[in-house]
Amino acid sequence: MKFRNIAFFSALAVMLIIPSSCKKDKKTEYSESFSGSLRFNAPLFASPGETYELVPGGVHTEDGTPWGYIWTATPYQTERDTTRYDSDPSSVTGAFTLKIPTDTLCTMTVTCYSYAKGYYNSSKSTSVVIVDPEKSLTNMTEADLPVFTDPRDGKEYGYTKIGSYEWFTSNLAYEGSGSSFEDCDAMMPIYGRYYTYEEAIKACPDGWTLPSYETWKSIAGNLGGGSDDTGAITGIAGDLMVDAYFNGVRLWEYWPDVKVTNKTLFYSLPSGYAIVSAKGRTYQGEGDYAAYWTSDIMDEDDAYYMYIYLKQPDVLKGSGDRNYFAAPVRCVRKAE
């Protein structure tokens, strides 16, 4: 089961029994449908204890019949909450206060219904995954690692020595640039941030840098791997991958050609990458790929990155646009 499957549910076509103040007369027939599509903005991932104001919109009645909104947020806010009655003035927005519980890890399903006399109800559902940085990731290999504290923001990173280099054991999460997975800060402790090359080349703290392709190749020499004419570093992917679970769901799907050992204590997770456009960032490949920028430039437009694909035992080499491809960063430095 891929991680992204947790975060998206199909909209539910649900007929709702309206509260008594809004019940139709038995002789009234539902004959009309709302125009437009009901919508509201909710985070795909949220941290325990956070609160969000969700404002509905996108629908209306063709004849001007007033309408209202009703909400549910299962499994923890199960009581229906009518935030606007059809008798309320249009100045009442129908906003719903979503409260993220503090004592559980789950996926909440938030549903909004619009209703009006003589109209079929319209509904919209979305899911919100609760993320706890201390509890969401499990089955992580335990190790007594040295810790580096980034003086810019106080964030701490474990690091591991592989050959003659020291590597961060988690993705960089410096907020001076880049973005969080699905633009949700709750995911920063899990996947770090996603940087374009132009952002990544400046993102590591003083004393650390982006690894070059040659630095990546040096890992193979310590693990008995090699490289080929495509730039792939052969046979070492499983030694970088950790068989972790997120809220009980396995992140790296099992594949028989890849033996996941995390031998290097690199702790690679399948965080994917992002495509940057004028409309924002689209996150792709999560659950299948782990991509990391190198410091190497291909040409005036593209730079190189290394990536792990769940079905391949090799660490592969790719290239992406320096301004429109975004990937996580692992900082590295020469060991003393």
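Tell me, which strands (runs of 3 or more DSSP E) wholly within segment 9-61 include 2 or more residues that are in the same structural domain as Ser90 (by TED's automatic domain parsing), at pLDDT 95 or above and more than 22 Å from Lys117 (Cα to Cα)? Steps first, answer last, please.
Numbers: elements: 35-39, 51-54, 57-60.
Here the list reads 51-54.
Report whether or not Thr138 is under 30 Å from Tyr267 (Cβ atoms), surrounded by fewer than 19 Cβ atoms within 10 Å (Cβ to Cβ) and modelled with pLDDT of 95 or more.
Numbers: under 30 Å from Tyr267 (Cβ atoms): yes; surrounded by fewer than 19 Cβ atoms within 10 Å (Cβ to Cβ): yes; modelled with pLDDT of 95 or more: yes.
Judged against the criteria, Thr138 is a match.
Hey, can you tell me all the residues within segment 267-282 that are among the hydroxyl-bearing types (Ser, Thr, Tyr) and crowded, with 22+ Cβ neighbours inside 10 Å? First the steps, then the outcome.
First, the residues of segment 267-282 that are among the hydroxyl-bearing types (Ser, Thr, Tyr): 267-268, 271, 273, 277, 282.
Passing the criteria: Tyr267, Ser268, Ser271, Tyr273.
All but one of (1) of a type in the set (D, E, K, R); (2) without any contact (Cβ under 8 Å) to a residue 24 or more places away in the chain; (3) within 19 Å of Pro205 (Cβ to Cβ); (4) surrounded by fewer than 15 Cβ atoms within 10 Å (Cβ to Cβ) hold for Lys155; which doesn't?
Checking Lys155 against (1) of a type in the set (D, E, K, R); (2) without any contact (Cβ under 8 Å) to a residue 24 or more places away in the chain; (3) within 19 Å of Pro205 (Cβ to Cβ); (4) surrounded by fewer than 15 Cβ atoms within 10 Å (Cβ to Cβ), the one that fails is (4).
Among the residues of segment 323-330, is any touching a residue at least 60 places away in the same chain (Cβ under 8 Å), surrounded by fewer than 17 Cβ atoms within 10 Å (Cβ to Cβ) and more than 19 Å from Leu137 (Cβ to Cβ)? Steps first, answer last, please.
First, the residues of segment 323-330 that are touching a residue at least 60 places away in the same chain (Cβ under 8 Å): 323-330.
Next cut, surrounded by fewer than 17 Cβ atoms within 10 Å (Cβ to Cβ) only: 323-324.
From the residues that got through so far, the ones that are more than 19 Å from Leu137 (Cβ to Cβ) too are 323-324.
So far as segment 323-330 goes, yes, one or more of its residues are touching a residue at least 60 places away in the same chain (Cβ under 8 Å), surrounded by fewer than 17 Cβ atoms within 10 Å (Cβ to Cβ) and more than 19 Å from Leu137 (Cβ to Cβ).
Kindly provide the set of residues from segment 94-121 that are of a type outside the set (Val, Ile, Thr) and under 21 Å from Ser47 (Cα atoms), ordered by number. Walk me through it before giving the result.
First, pick out the residues of segment 94-121 that are of a type outside the set (Val, Ile, Thr): 94-96, 98-99, 101, 103, 105-106, 108, 112-121.
Once the filter is applied, which keeps residues that are of a type outside the set (Val, Ile, Thr) and under 21 Å from Ser47 (Cα atoms), segment 94-121 yields Ala95, Phe96, Leu98, Lys99, Pro101, Asp103, Leu105, Cys106, Met108.
Looking at segment 247-297 only, could you name the residues that are among the basic types (Lys, Arg) and touching a helix residue (DSSP H, G or I) at 6+ places or on another chain (Cβ under 8 Å)? Walk me through it before giving the result.
Our first condition is that a residue be among the basic types (Lys, Arg); within segment 247-297, this holds for 250, 259, 263, 279, 281.
Passing the criteria: Lys259, Lys263, Arg281.
So that you can scan it fast, the table gives a plain yes or no per residue for (1) touching a Leu at 6+ places or on another chain (Cβ under 7 Å); (2) among the β-branched types (Val, Ile, Thr); (3) closer than 24 Å to Ile236 by Cβ; (4) in a helix (DSSP H, G or I):
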position: Tyr159; (1), (2), (3), (4): yes, no, yes, no
position: Glu166; (1), (2), (3), (4): no, no, yes, no
position: Met188; (1), (2), (3), (4): no, no, no, yes
position: Glu198; (1), (2), (3), (4): no, no, no, yes
position: Lys202; (1), (2), (3), (4): no, no, no, no
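Among all residue pairs at least 6 apart or on different chains, which show Cβ distances below 6 Å where the first residue, located in segment 279-290, is in the same structural domain as Arg250 (by TED's automatic domain parsing) and the second is among the acidic types (Asp, Glu)?
Listed pairs, sorted by first residue: Tyr283/Glu182.
Among the residues of segment 231-238, are any touching a helix residue (DSSP H, G or I) at 6+ places or on another chain (Cβ under 8 Å), aliphatic (A, V, I, L, M), modelled with pLDDT of 95 or more and buried (at least 17 other Cβ atoms within 10 Å of the Cβ)? Break it down into steps so the answer makes sense when it comes.
Residues of segment 231-238 that are touching a helix residue (DSSP H, G or I) at 6+ places or on another chain (Cβ under 8 Å), as a first pass: 231, 233-236.
With the extra rule that they be aliphatic (A, V, I, L, M), the set shrinks to 233, 236.
Adding the requirement that they be modelled with pLDDT of 95 or more leaves 233, 236.
Going one step further and asking which of them are buried (at least 17 other Cβ atoms within 10 Å of the Cβ), we end up with 233, 236.
Yes, segment 231-238 contains a residue that is touching a helix residue (DSSP H, G or I) at 6+ places or on another chain (Cβ under 8 Å), aliphatic (A, V, I, L, M), modelled with pLDDT of 95 or more and buried (at least 17 other Cβ atoms within 10 Å of the Cβ).
With respect to Gly238, determine if the residue is in the same structural domain as Val147 (by TED's automatic domain parsing), assigned to a loop (DSSP other than H, G, I, E, B), among the small types (Gly, Ala, Ser) and within 26 Å of Glu166 (Cα to Cα). Even if it seems obvious, please write down each step before you answer.
Values: in the same structural domain as Val147 (by TED's automatic domain parsing): yes; assigned to a loop (DSSP other than H, G, I, E, B): no; among the small types (Gly, Ala, Ser): yes; within 26 Å of Glu166 (Cα to Cα): yes.
No: the conditions fail for Gly238.
Any idea which residue in segment 210-224 is surrounded by the fewest Cβ atoms within 10 Å (Cβ to Cβ), counting only those that are in contact (Cβ under 8 Å) with a residue 40 or more places away in the chain and of a type in the set (A, V, I, L, M, F, W, C)?
Leu223
Condition (residue is part of a loop (DSSP other than H, G, I, E, B) and not assigned by TED's automatic domain parsing to the domain that holds Lys263) applied to segment 147-156: is it met by at least one residue?
No, that holds for no residue.
State which residue is surrounded by the fewest Cβ atoms within 10 Å (Cβ to Cβ) when the search covers only segment 299-322 and only residues that are acidic (Asp, Glu) and closer than 21 Å to Ala203 by Cα.
Filtering first and then ranking leaves Glu300.
Residues checked against (1) assigned to a loop (DSSP other than H, G, I, E, B); (2) under 32 Å from the mean Cα position of the chain (by Cα):
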site: Gly64; (1), (2): yes, no
site: Tyr69; (1), (2): no, yes
site: Ala73; (1), (2): no, yes
site: Asp88; (1), (2): yes, no
site: Val92; (1), (2): yes, no
site: Thr97; (1), (2): no, yes
site: Thr102; (1), (2): yes, yes
site: Thr109; (1), (2): no, yes
site: Lys117; (1), (2): yes, no
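The values are calculated or read from the model by the stated rules, or taken from the named source; none is laboratory data. Predicted model only: the values in this text are computed from it and were never measured. Please note: Cβ atoms are built from the backbone with ideal geometry, for glycine as well, and neighbour counts cover all protein chains shown.
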